[in-house]
Amino acid sequence: ALFHGHQTYLLLVGNNAEMRGGSGMALDAGTIRLGDGAISVGHLQDTGQLVDQFPGVRPSGDLAARWGFEYPQLDLRELFMSPQFPANAALAARMWQAHTGRPVDGVL
């Protein structure tokens, strides 16, 4: 299903030297585009250069209750404080859309 149609995924590249919730700190971010059997990796950006570039985005639910004090919505590097990848990925997708104006189909 991944290779049929056209899809765009947010790629967060972690560094396992900075372990958080079982994942590394997301130090680079970019997109992967899948379409008609081809994979294209876009430009990866240093997440340290994207701090506070996500207007209007806020964490919700358990992520906000337990980790909101870390302000994960301001810095992609703070996303993996929680071990709940679905919650982290949902926030990351909203952050990326706020920054770029383009939605993603998922997060890797």
Each label sits 7 Å from Cα toward the beta-carbon; between S40 and A65 the label points are separated, in nm, by 4.3
For Cα Rg over 2.2 N^0.38 Å, the choices are (1) 1.29; (2) 0.98; (3) 1.05; which was calculated from the structure? (3)
For H6, the accessible surface traced by a 1.4 Å probe with all protein chains present amounts, in square angstrom to the nearest 10, to 140
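I want the local charge near G68. Using Cβ-Cβ distances under 14 Å, sum +1 for each Lys or Arg and -1 for each Asp or Glu among the other residues.
-2
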So what is the relative contact order of the chain, in percent, for Cα pairs below 8 Å that sit 6 or more residues apart? 29
Can you tell me how much longer the chain between R33 and H99 gets when fully stretched, taken as 0.36 nm per residue apart minus their C-alpha distance, in nm with one decimal? 22.0 nm
Stretch L108-Q7 to full length: gain in nm at 0.36 nm per residue minus the Cα-Cα span? 35.1 nm
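Could the peptides 47-54, 66-73 be put in order, highest first, of the mean number of other beta-carbon atoms found within 10 Å of their residues? Can you show the working numbers first?
On the way: 47-54: 14.4, 66-73: 16.9.
Result, highest mean Cβ count within 10 Å first: 66-73, 47-54.
The values are calculated or read from the model by the stated rules, or taken from the named source; none is laboratory data. Nothing here was measured: the structure is a model prediction, and the numbers come from that model. Quick reminder, even Gly has a Cβ in these numbers, built from the backbone with ideal geometry, and neighbours come from all protein chains shown. These area figures cover heavy atoms from the full protein model, side chains too; ligands, DNA and RNA do not enter into them. Shrake-Rupley method; radii C 1.70, N 1.55, O 1.52, S 1.80 Å.
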